[in-house]
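*Asks:* Structure incoming, see below.
The values are calculated or read from the model by the stated rules, or taken from the named source; none is laboratory data. None of these values were measured; they are calculated from a predicted model. Here the Cβ positions follow ideal geometry from the backbone for every residue, glycine too, while neighbour counts run over all protein chains shown. Side chains included, ligands, DNA and RNA excluded: accessible areas come from the protein's heavy atoms. Shrake-Rupley method; radii C 1.70, N 1.55, O 1.52, S 1.80 Å.
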Amino acid sequence: MNLHEYQSKELFSQFGVPTPKGKVATTPDEAYQIAQEIGGTVVVKAQVLTGGRGKAGGVKLAKSADEAKARASEILGMKIKGLTVNKVLIDPGADIKQEIYLAVTNDRAARRPLLMASAAGGMDIEQVNRETPDKIIREHVNPFLGLREYQARNLAAGIQLPHELWTQFIQIASNLYKCFIANDCTLAEINPLVITGAGTLIALDGKVTLDDNALMRHPDLVPLRDTQAEPIEETQAREAGLNFIKLDGNIGCMVNGAGLAMTTMDITMDIAKKMGIEGGGPANFLDVGGGAKADKVATALRIILSDPKVKAILMNIFGGITRGDEVARGVIQAMNEVQINVPLVVRLAGTNAEEGRKIIEEANIPNLQSAATLYEAAQKAVLAAKG
Ligand code: GDP
Ligand code: MN
């Protein structure tokens, strides 16, 4: 789950990372009010869950409340990388001397948190990483010891930070790390962390990604999710207790178990490739979990079918406690509830798979086919999608 800039900076601030004291507006009039309260130059910033807002014209300076209102009315409603701007953050303007990059993330290969700093802040850090990777200084953290002061000093030295700023920098790095750990983040990024004309450090931008699997430990963070800013299907799926991720292919996949879902996707992709079908392959990852009851299957079908690219559906269910006959009846019932205008191929394995297949064949529904193996099912689905 990604947090907006204003939410990320609020979280940073709670952990003692200095941030501008701004407020969020949803209308130009509110922007005017806030700019008036702040006084002087402000910056109007689009709040969308993507980077590169500056380049896209979503970050604008305003010298007065009137200007702030004008900039806000331009930015609100604007589209940045396909996302509509519904909110703007009004921050006091900063006097920027230098922009630094500072972030904590997980290094999965090293199996520990990683702090990264760079003097080339403000710009696209992926680009810096590609073109001049040695401009990024890295420190792995032993999770049992936490961030040691010498490590923060190494970062400060590595980015050639003026010596008088080291104490502030070490404090910020240490607090950012605490914030990262305490909230189960997978990313806590400040880009830019700026050196102001007055010689202080302040986090002008913030990006936090929370680990969805740890959210149950942070009930206070759950409401920060902006459901307007994510694909509608993903919201519906989460509410129905389904694990769903939208992809680019043309075959909707409905599977129980994450590992089986990945296998299903791989085989489908492989077959589509071998047949030379362009755009062939999985349209989504979907784990319906245990049970595969009719109402869950119906919801999953609705979500899959809301994607116009879907030309066939492949259902792959391995029965353990879940019984094949029960799944088959569930599918037929779900097909009564949901209008399905694309072919649906069902592959059942495990407990009562035979019975399940029989039920599907005897139902004699034109759009519904059964297959005995995953390979056969994927082949049928790919062919059906091809039309
Ligand atoms: P991003 O483009 O989505 O990463 O948005 P940022 O919040 O990082 O803003 C982009 C750029 O706008 C920053 O790198 C700064 O150069 C500039 N910027 C942001 N806030 C201020 C501000 O208060 N004053 C000035 N002068 N520039 C700012
Ligand atoms: Mn930024």
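*Asks:* Any idea which residue in the range 247-262 is farthest from Val382 (Cα to Cα), counting only those that are surrounded by fewer than 23 Cβ atoms within 10 Å (Cβ to Cβ) and of a type in the set (A, V, I, L, M, F, W, C)?
*Replies:* Ala258
*Asks:* Here's a follow-up. Hey, does the range 207-214 have a residue that's within 30 Å of Gln7 (Cβ to Cβ) and buried (at least 22 other Cβ atoms within 10 Å of the Cβ)?
*Replies:* yes
*Asks:* I've got another one for you. Give the number of residues within the range 51-76 that are more than 16 Å from ligand 2 (Cβ to nearest atom) and either open to solvent by 50 Å² or more (accessible area, probe 1.4 Å) or not hydroxyl-bearing (Ser, Thr, Tyr) (or both).
*Replies:* The qualifying residues number 13.
*Asks:* Sticking with this one: Quick one: how many residues across the range 263-273 are of a type outside the set (Ser, Thr, Tyr) and either closer than 9 Å to Val382 by Cβ or open to solvent by less than 50 Å² (accessible area, probe 1.4 Å) (or both)?
*Replies:* Qualifying residue count, the range 263-273: 4.
*Asks:* Being in a loop (DSSP other than H, G, I, E, B), open to solvent by less than 50 Å² (accessible area, probe 1.4 Å) and away from ligand 1 (no atom under 13 Å from the Cβ) is true for just one of Val24, Val48, Val17. Which residue is that?
*Replies:* Val17
*Asks:* State the number of residues belonging to the range 231-246 that are crowded, with 16+ Cβ neighbours inside 10 Å and in a loop (DSSP other than H, G, I, E, B).
*Replies:* Within the range 231-246, residues that are crowded, with 16+ Cβ neighbours inside 10 Å and in a loop (DSSP other than H, G, I, E, B) number 2.
*Asks:* Looking at the range 200-214, can you tell me whether even one residue there is farther than 30 Å from Leu344 by Cα, more than 16 Å from ligand 1 (Cβ to nearest atom) and in contact with a Leu (Cβ under 9 Å, 6 or more places away or on another chain)?
*Replies:* Within the range 200-214, one or more residues are farther than 30 Å from Leu344 by Cα, more than 16 Å from ligand 1 (Cβ to nearest atom) and in contact with a Leu (Cβ under 9 Å, 6 or more places away or on another chain).
*Asks:* Something else about it: Determine, yes or no, whether Thr200 is of a type in the set (Ser, Thr, Tyr) and in contact with a strand residue (DSSP E or B) (Cβ under 6 Å, 6 or more places away or on another chain).
*Replies:* Taking the combined requirement at face value, the residue does not satisfy it.
*Asks:* Within the range 53-98, track down each residue that is among the charged types (D, E, K, R), within 20 Å of Lys207 (Cα to Cα), in contact with a strand residue (DSSP E or B) (Cβ under 8 Å, 6 or more places away or on another chain) and near ligand 1 (Cβ under 8 Å from one of its atoms).
*Replies:* Scanning the range 53-98 gives Arg53, Asp91.
*Asks:* Moving on. I'd like the residue in the range 77-133 that is in a loop (DSSP other than H, G, I, E, B) and among the β-branched types (Val, Ile, Thr) and, out of all such residues, is least open to solvent (accessible area, probe 1.4 Å).
*Replies:* Among those that are in a loop (DSSP other than H, G, I, E, B) and among the β-branched types (Val, Ile, Thr), it is Val85.
*Asks:* Using beta carbons and a limit of 9 Å, which pairs, at least six apart or on different chains, have the first residue in the range 211-227 and part of a loop (DSSP other than H, G, I, E, B) and the second one at pLDDT below 95 and among the β-branched types (Val, Ile, Thr)?
*Replies:* Arg225/Thr235
*Asks:* So, one more: Under the condition of being away from ligand 2 (no atom under 16 Å from the Cβ) and among the acidic types (Asp, Glu), which residue from the range 164-192 is farthest from Arg225 (Cα to Cα)?
*Replies:* So, considering only residues that are away from ligand 2 (no atom under 16 Å from the Cβ) and among the acidic types (Asp, Glu), the one farthest from Arg225 (Cα to Cα) is Glu164.
*Asks:* While we're on this one: For residues that are open to solvent by 60 Å² or more (accessible area, probe 1.4 Å) and not in a helix (DSSP H, G or I), tally how many sit in the range 291-311.
*Replies:* Selection size over the range 291-311: 5.
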